[in-house]
């Protein structure tokens, strides 16, 4: 199976991505269950240091450039906050910023798409009108 | 979708886009989607001019392309830098670096502001 975060192919029974550490089970990140307690006298080590949190940076930049919206810039700010907070070890803060970066990128993308759909309808209507005018002029 | 299939489909779409862009100049044909921000405000966004610049670039006219959107060249340099990891199906490491994200924010925002002022050279 492929990791939904970074696309790396993993074994089908893998629980976390070998590249980025994202959980490959459905839904949000959940830590793997601890091993049976009777054999784990020593505290169990987490399989990786910190969960990788997507920052949606390239998506934000694409939204800023293609959908031309200030929402993309807001999304870039939150994406940068993800990086800064991860660097400081603030995992909950980074997850919060990640959610906001995703939200603003999605809203910006949606607004851009809706704008282009409206423009396409107007463009199509204009083409149809021009064609009808040409028909009327010919007859 | 496997990585190879994804790379292949992106390449096919890019080649088709390049063919359309090469043969139909954005200034002569109106079917290219416009910039929503520019339509609403009349101001230029950081991405404005990319379509026209890519058309010039495909015809080898680097100077015209640069005048229309210099940011495109910065973006292409970054994309080139990211390409090896992307082809291996990995997220480029620099995307998670604080300095890169804050620089991207500062560059894009200042470019957005400056290109709408008389200070902008092009």
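How crowded by other chains is B:104-116, given as the mean number of beta carbons from other chains within 10 Å of each beta carbon? Mind showing how you got there, number by number?
Numbers: counts 8, 11, 2, 0, 7, 5, 0, 0, 4, 0, 0, 0, 0.
For this peptide, the per-residue mean of nearby foreign Cβ atoms is 3.
Could you list B:24, B:100, B:122 in order of exposure, starting from the residue whose Cβ has the fewest other Cβ atoms within 10 Å?
Working: B:24 13, B:100 17, B:122 9.
Starting with the residue having the fewest Cβ neighbours, the order is B:122, B:24, B:100.
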Item to check | Percentage, to the nearest whole number, of Cα pairs in the stretch A:55-138 over 18 Å apart | outcome: 55 percent
Item to check | Euclidean distance between Cα centres, the stretch B:30-86 to the stretch B:1-18, Å | outcome: 20 Å
Checklist outcome for this item: Under the 7 Å Cα-to-Cβ spin-label approximation, residue B:74 and residue B:6 lie apart by a distance in nanometres of 2.7 nm
Item to check | Average other protein chain Cβ within 10 Å of Cβ, residues A:2-15 | outcome: 2
Checklist entry - Whole number please: convex hull volume per residue of the Cα set in chain B, in Å³? => result 142 Å³
Checklist entry - Just the C-alpha atoms of the protein assembly as shown: what Rg/Rh do they give, with Rh taken as the Kirkwood radius? => result 1.07
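By counting other Cβ atoms within 10 Å of each Cβ, how are B:7, A:77 ranked from fewest to most? Don't skip to the answer; put the middle values down first.
Values: B:7 13, A:77 18.
Result, fewest neighbours first: B:7, A:77.
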Checklist outcome for this item: Mean other chain Cβ within 10 Å across B:24-32 is 1
Item to check | Projected label distance in nm at residue B:18 and residue A:12, using a 7 Å step from Cα toward the beta-carbon | outcome: 3.8 nm
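Read the figures in this text as sums done on the coordinates, not as results from a lab. Because the structure is predicted, anything quoted here is derived from the model rather than measured. Note: ideal-geometry Cβ built from the backbone for every residue, glycine included; neighbour counts use all protein chains shown.
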